Amino acid sequence: MAQLALSVRFLDEFGKLDSKARSGAVKTALKFQQLTLKQLWSDAGLDFKQPKGARDKHIYTCRIDRFYRGVVLAPGTGEDFLLLRVMAHDDAYAWASKQVPSVNAVTHGLEIRDVVTVEQLVPAWEAEAATAAAEPLFARHPDGDLRGLGIEDDVLRAARSLTSKKQLDAFAPLMPEDQWQVLQFLAEGLSVQTVWGELVAFRARNGALAVDRTDLSSAMRNTPSRIALVTGPGELSDILDKPFAAWRIFLHPSQRYMAYRPSYSGPAQVTGGPGTGKTVVALHRVKHLLEHLRTGERILLTTYTGALTSALREGLALLIEDEELRGRVDVSTVNALAREIVEPHDTVRRAYLDGAQETALWGEIGDQLDLPWNGQFLAQEYKHVILAQGLRSLDAYCEASRSGRGSRLASARRHEVWQAVEAFQVALDKLSARTHLGVCDEAALRVTASGVQPYRHVVVDEAQDLHPAQWRLLRAVVPKRPDDLFIAGDPHQRIYDSKVSLRSLGVAVTGRSTRLHRNYRSTQEILAWAVSLLDGRPVEQLENGSADTLAGFRSSLRGARPTVCATDDPDAELTELVARIREWADSGVEFSDIAVAARFNKIVYRVAQRLRDEGIPTVRLRQDGSADAEGVRVATMHSLKGLEFRCVAVVGVREGTVPYPGAITPMELDPIQHHTDLTAERCLLFVACTRARDRLHVSWNGPASRFLAEVGAA
Ligand SMILES: Nc1ncnc2c1ncn2[C@@H]1O[C@H](COP(=O)(O)OP(=O)(O)OP(=O)(O)O)[C@@H](O)[C@H]1O
């Protein structure tokens, strides 16, 4: 019986076929499992053929239907077959004839490259490089370094002829993907040590045993990030039923390493820019932990917003079929968890104040007590100093550090603030109300006092926005043991006002932290544009507040450049938006795969109204993320956090709206907070733009946002 394997590229192309061609491909794949080897080779339906002039004897094509053929690698040493691609008839023959498989000397993974085109192009590039003014792209890296990272002779020669990143990008489809990624990372400025540690070492671990470099079958098994071995018909249909969810099967080596490491001696962390698969890693980690969970133990999978918990639940259902097993995971926001712990003890039903209500209440209290500060200052002092450190008394507050606050408060002043804090508690009681962070603080105290820790593992997504009170609750619900906390987050996407150093909360991840670099979501065009908005500004890491950058953050997807559109008035801007949405829909994009984001609800309402007037179905993306109806998703930038869409329009990116002046603490009130608020607004625009997979449209009316103007994007 044959052993079938599927490559990630096959699955991607399979997912894009029409339904008829897809069923042809399923039939073809099933034959590999149903027929004997002899029957396979002679099956008239499969029609195995070696392309004319093929550069390698192991490459064949086989029939999918009248129009498509599969490209198959048959290592020839036994029963293995690898479905490499599915392509239009003539393209399949042309592509297959040029490919040569090999085993990488360092990683022992299987690689395929287009030797014919490379042989044609490289001499021309070399001649060009010899006269070019620009320095060769890899001039700083000796051959030994490159070879040590798995770059082989032909790729090395080609790499030496490159003088620009653009040329390197053009080279991508011709060379082995793993080697190209190494070159890409080096071209982005990452050091040889970093590339080894974050890329090659993971791969080399897969193929750690010595492998005969002619043994393509073993090499297939050493390449789990791109090749899935299929064990039975059930598994085959499971993979082919959900081709869009390749992340279930194919993990980047660094993703796999993080997710499936047997155990961490303490909290572990995965970071990386938007779309690098942090959520994917978190989901796989839950799968791994579930496999080792003892009777009675439970896992908490938690994140920041309700919309994200819906996405996590869906992802978990795709990854773990067994409903009973999934039932051992609670998926909840931290705030919802806190409410569940605290509310059963309430004697009266309490309402929750939103941010604006809370600031207003602080303002009233400040006025009543005739204090010299406004509501914003008091609310921030409470949130960033008192609640952040869990201060319970005036003495504790007087002794506490206020680092991170940009104003000084003498002891007498702290007495005055504390008066306001006490008045705030009284006012909340009177109103039968509480705050979202207040309930987390209370929940942490209750759990600690009860001595019952309900979870064996806690997995946290979007960790960058959690407040210390929320971290205290998470710390309280899980005992300090190996594998207690698994944390996924990106400090570049910090859009709520919670700057936290994990270390200061007793969550140390040193030595158990990995950064992901490859963006799987957006095209490089969208990514580069969005990254430019951050203008190279470093942000503070989650772990200890030191600087974090997006060095080496890249996508291998290609597409159209984002469109930017300046208009004179809001109506004209919406007219442009409607035209853009129609263009996307006409090109086959479903309305539900289009999102429009704006800074405020007011603009969101206006957009939704206009789209409806134009006959475009529209759905307001709700807080809990549920939006089953067909229609363009319209939402605030904040509620798009963690989600993704094929096409995204970000509208109203004008000065006076982005950044929103009301969200920026005045410089004279607190210069540090002023800077933090501005960074959060900049990151918010970055987050909204990085939700787009294929197309991004950014527009404004009147003067462009300073974030666009500063980087020359407007
Ligand atoms: N190994 C993989 N193979 C294929 N697709 C992947 C892989 N890893 C992630 N993806 C896809 O990339 C996209 C982004 O993944 P994910 O949401 O996990 O990223 P993220 O880092 O959590 O993003 P963000 O921080 O922007 O919310 C998703 O569509 C996901 O399915």
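Read-outs throughout are calculated quantities, based only on the coordinates presented, and are distinct from any laboratory measurement. No experiment lies behind these values; they were computed from the predicted model shown. Glycine gets a Cβ as well: all are built from the backbone with ideal geometry, and neighbour counts include every protein chain shown.
Quick check: net charge around K49, other residues with Cβ under 10 Å of its Cβ, Lys/Arg +1 and Asp/Glu -1?
On the way: positive: K52, R63, R69; negative: D47.
Charge balance in the 10 Å sphere: +2.
Note the angle between two axes, namely the Cα long axis of helix 89-98 and the longest principal axis of the Cα atoms of the chain, as a number of degrees from 0 to 90, rounded to the nearest 10.
80 degrees
Mind checking which of Q609, W584, C565 is farthest towards the positive end of segment 560-710's charge dipole, using Cβ charges of +1 (Lys, Arg) and -1 (Asp, Glu) about the Cα centre?
Of the listed residues, the answer is W584.
At a Förster distance of 35 Å, what's the computed FRET efficiency of E340 paired with D212, Cβ-Cβ distance as r, to 0.05? If you can, show how the numbers build up before the last one.
On the way: r = 57 Å, r/R0 = 1.63.
The pair E340/D212 has a calculated efficiency of 0.05.
Once every Cα of segment 219-325 carries one equal point scatterer and solvent is ignored, give the base-10 log of I(q)/I(0) from the Debye formula at q = 0.16, 0.19, 0.20, 0.21 Å⁻¹, two decimals.
-0.84, -1.19, -1.31, -1.42
Note the direction-averaged projected area, equal to a quarter of the hull surface, for the Cα convex hull of the chain, in nm². Could you put the intermediate results ahead of the total?
Details: hull surface 137.9 nm².
Spelled out: convex hull of the Cα atoms, projected over all directions, averaged, 34.5 nm².
Report the gain in length on full extension from N601 to Q33: 0.36 nm times residue separation, minus Cα-Cα distance, nm rounded to one decimal.
On the way: separation 568, 0.36 × 568 = 204.48 nm, distance 5.43 nm.
Roughly 199.0 nm would be gained on extension.
With only Lys, Arg, Asp and Glu charged, each at its Cβ (+1 for the first two, -1 for the last two), find how big the charge dipole of the chain is about the Cα centre; round to the nearest 20 debye.
Taking the Cα centre of the chain as origin, the dipole is about 1200 debye.
By its C-alpha gyration tensor, with a ≥ b ≥ c as the square roots of the eigenvalues, how is segment 668-714 shaped: rounded for a/c under 1.5, else prolate for a/b larger than b/c, else oblate? Please report the intermediate quantities before stating the final value.
Numbers: a/c = 3.11, a/b = 1.64, b/c = 1.89.
Since a/c reaches 1.5 but b/c is at least a/b, the shape of segment 668-714 is classed as oblate.
Tell me, what is the percent relative contact order of segment 112-181, built from C-alpha pairs under 8 Å that lie six or more residues apart?
Details: 54 pairs, mean separation 32.4, N = 70.
Here the relative contact order equals 46 percent.
Suppose only helical runs count, i.e. DSSP H with n ≥ 4. What mean residue ellipticity at 222 nm does that imply for the chain under -39500 (n - 2.57) per run, divided by all residues and rounded to the nearest 500 deg cm²/dmol? Mind dumping the intermediate values first?
Values: 29 runs with 301 residues, N = 714.
When only DSSP H runs of four or more count, the value is -12500 deg cm²/dmol.
For segment 518-606, rounded, prolate or oblate, judged on the Cα gyration tensor with a ≥ b ≥ c (square roots of eigenvalues), a/c < 1.5 rounded, else prolate if a/b > b/c? Provide the component values of the computation, followed by the final result.
Numbers: a/c = 2.35, a/b = 1.59, b/c = 1.47.
Prolate shape, in that a/c is at least 1.5 and a/b is the bigger ratio.
Can you compute the charge dipole magnitude of segment 217-293 about its Cα centre, using +1 on each Lys and Arg Cβ and -1 on each Asp and Glu Cβ, nothing else charged? Give it in debye, rounded to the nearest 20. Intermediate values should be presented prior to the final figure.
Values: 9 positive and 4 negative charges, 51 e Å.
Once rounded to the nearest 20, the dipole reads 240 debye.
Can you tell me the alpha carbon radius of gyration of segment 61-114 divided by the globular rule-of-thumb value 2.2 N^0.38 Å?
Working: Rg = 12.3 Å, N = 54, 2.2 N^0.38 = 10.0 Å.
Against the empirical 2.2 N^0.38 Å value, I get 1.23 for segment 61-114.
For segment 115-168 and segment 2-68, what is the separation of their Cα centres, given in Å?
Between the Cα centre of segment 115-168 and that of segment 2-68, the gap is 34 Å.
Out of every Cα pair in segment 316-399, what percent are spaced more than 14 Å from each other?
Values: 2686 of 3486 pairs.
In whole percent, the share of Cα-Cα pairs in segment 316-399 beyond 14 Å is 77.
Tell me the volume per residue, in Å³, of the convex hull enclosing the alpha carbons of segment 351-431. Before the final figure, lay out the partial values.
Numbers: hull volume 7.5 nm³, N = 81.
Convex hull of Cα atoms, per residue: 93 Å³.
Return an integer: the convex hull volume of the alpha-carbon atoms of segment 86-202, in Å³ per residue. Show your work: numbers first, answer last.
Working: hull volume 12.7 nm³, N = 117.
It comes to 109 Å³ per residue, whole-number rounded.
Just tell me which aspartates and glutamates come within less than 14 Å, Cα to Cα, of K98; anything on the same chain fewer than 8 places away is out.
Hits, sequence-local ones excluded: D56, D90, E111, D114, E119.
Suppose the Debye formula is applied to equal point scatterers at every Cα of segment 35-160; what is log10 I(q)/I(0) at q = 0.12, 0.15, 0.16 Å⁻¹?
Treating every Cα as an identical point scatterer, log10 I(q)/I(0) equals -0.59, -0.81, -0.87.
Does segment 438-569 come out rounded, prolate or oblate, given a ≥ b ≥ c as the square roots of the eigenvalues of its C-alpha gyration tensor, rounded meaning a/c under 1.5 and, failing that, prolate meaning a/b above b/c? Mind dumping the intermediate values first?
On the way: a/c = 2.63, a/b = 2.05, b/c = 1.28.
The shape class here is prolate.
Grab the alpha carbons of segment 560-710, take their convex hull, and tell me the volume per residue in Å³. Please list the in-between numbers first.
Details: hull volume 16.3 nm³, N = 151.
Considering the Cα atoms of segment 560-710, their hull volume per residue is 108 Å³.
Would you mind working out the magnitude of the charge dipole of segment 351-431 relative to its Cα centre, with +1 at each Lys and Arg C-beta and -1 at each Asp and Glu C-beta, to the nearest 20 Debye?
Details: 8 positive and 11 negative charges, 73 e Å.
For this selection, approximately 360 debye.
Which links in K499/K602; K20/K49; K383/K430; K31/K52; K287/K383; K242/K641 stretch past 30 Å when you go from one Cα to the other? Working shown, then result.
Values: K499/K602 28 Å; K20/K49 22 Å; K383/K430 21 Å; K31/K52 24 Å; K287/K383 35 Å; K242/K641 24 Å.
From the list (K499/K602; K20/K49; K383/K430; K31/K52; K287/K383; K242/K641), the Cα-Cα distance tops 30 Å for K287/K383.
So for the chain: antiparallel DSSP bridges make up what percent, rounded to the nearest 5? Spell out each step's value before the answer.
Values: 23 of 73 bridges.
Antiparallel bridges make up about 30 percent of those DSSP assigns within the chain.
Treating the angle as unsigned and between 0 and 90°, give the value, to the nearest 10°, between the Cα long axis of helix 19-34 and the longest Cα principal axis of the chain.
So the helix axis and the longest Cα principal axis differ by about 70 degrees.
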